[in-house]
Amino acid sequence: MAIDRTSSLDLLVRLDRGGAPLRAQLEEQLRDAVRSGRLAPGLALPSSRALARELGVSRGVVVDAYAQLGAEGYLVARQG
């Protein structure tokens, strides 16, 4: 069974290096993507390493954003 993965381009994530903290920006944009329906239920997000590489940020920024959104119920995280 193939997993439909999305990328930062599909998510339309844009980070402003001179604005709010990068993690907060990423959280807000992913939260908005879920709320607006751009991120459909069951759609697999990029791995934290892949998204960090695409956005040019540390993996920790993405891991922390994913963890926060998981805690809020916006994402379900699985390892591996």
Helix 59-71 versus the longest principal axis of the chain: what angle, 0 to 90°, nearest 10, using Cα atoms?
-> 60
Quick calc: nm separation of the 7 Å Cα→Cβ label points for residue 40 and residue 77 -> 2.6
Apportionment of accessible area to carbon and sulfur, the chain, percent (1.4 Å) | 51
Each label point is 7 Å from the Cα along the Cα-to-Cβ direction; what then is the distance between the points at residue 49 and residue 32, in nm?
-> 3.0
Reviewing (i) 94; (ii) 82; (iii) 71, the figure for volume of the Cα convex hull per residue in Å³ actually calculated from this model sits under (i)
The chain, accessible area per residue, ligands and nucleic acids excluded (1.4 Å, Å²) = 67
Dipole size in debye (nearest 20) for the chain around its Cα centre, Lys and Arg Cβ +1, Asp and Glu Cβ -1?
-> 180
Summing -39500 (n - 2.57) over every DSSP H run of at least 4 in the chain, dividing by its residue total and rounding to the nearest 500, the 222 nm mean residue ellipticity is -14500 deg cm²/dmol
What is the spin-label model distance, in nm, from residue 63 to residue 16 if the labels are put 7 Å beyond Cα along the C-beta direction?
-> 2.8
On Cα atoms only, tilt of 22-36 relative to the major axis of the chain in degrees = 40
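The values are calculated or read from the model by the stated rules, or taken from the named source; none is laboratory data. All of these numbers come straight from a predicted model, not from anything done at the bench. Cβ: placed from backbone, ideal geometry, glycine included. Neighbour counts: every protein chain shown. With ligands, DNA and RNA removed, areas are computed over all heavy atoms of the protein, side chains included. Shrake-Rupley method; radii C 1.70, N 1.55, O 1.52, S 1.80 Å.
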